[in-house]
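All remarks here apply to the structure that follows.
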Amino acid sequence: MADSYTFLLGKLGGIATARFSERLARLGIRPRHCAVLELAEPGSLSQLELAERIGVTPSVVVDMLDELETLDAIRRVPHPDDRRRRVIELTSTGRRLRQQAGLAAHAVDEDLLRGISPRQREALRAALDRIGAEHGLDYG
């Protein structure tokens with residue numbers, strides 16, 4: 001198994017996730033919140049659309065939004081055309097958290113990739129993008 005890409009990617013993914021989680025904890029958020037912070041634009045997505053977009057159940061999105069609302073990172077506001085629907089709106093706190101989470105992700109990138117050259121990083125990114133596209137991965 002040690003020569004398996006799946007095994008290696010899983011191990012590296014675990015390391016990356018642990019380091020990213022540690023940095024995000026300092027901000028009061030978790031990795032699962034990052035998809036919401038990244039996708040929430042004023043009036044763009046309802047709770048159901050957000051759940052579909054990030055591939056989780058609506059009840060999981062509700063929990064995530066409750067947590068982010070407690071942090072004043074998002075607001076759920078009535079849809080302008082359909083008062084029965086709620087759309088997600090990022091607050092100034094949410095925009096700040098999104099920026100800080102991005103900086104945390106880049107810091108983890110630097111830590112993980114410090115042993116390879118810029119050219120190797122570009123090749124790795126291209127390969128990961130191609131693999132992701134082959135499997136329908138939507139980066140947001």
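The values are calculated or read from the model by the stated rules, or taken from the named source; none is laboratory data. Just so it is clear, the structure is predicted and the values come from calculations on it, not from any experiment. Positions of Cβ are generated from backbone atoms using ideal geometry, with glycine treated the same way; all protein chains shown enter the neighbour counts. Accessible surface areas use protein heavy atoms only, side chains included; no ligands, DNA or RNA. Shrake-Rupley method; radii C 1.70, N 1.55, O 1.52, S 1.80 Å.
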| Out of the stretch 22-39, which residues are open to solvent by less than 40 Å² (accessible area, probe 1.4 Å) and either closer than 15 Å to residue 71 by Cα or at pLDDT 95 or above (or both)? | 24, 29, 33, 34, 36, 37
| message | Only one of 119, 98, 83 is open to solvent by 60 Å² or more (accessible area, probe 1.4 Å), among the basic types (Lys, Arg) and under 18 Å from the mean Cα position of the chain (by Cα). Can you tell me which? | response | 98
| remark: For the stretch 127-140, the count of residues that are in a helix (DSSP H, G or I) and either among the hydroxyl-bearing types (Ser, Thr, Tyr) or open to solvent by less than 60 Å² (accessible area, probe 1.4 Å) (or both) equals 3
| Of everything in the stretch 40-79 that's without any contact (Cβ under 8 Å) to a residue 24 or more places away in the chain, acidic (Asp, Glu) and within 17 Å of residue 96 (Cα to Cα), which residue is surrounded by the most Cβ atoms within 10 Å (Cβ to Cβ)? | 69
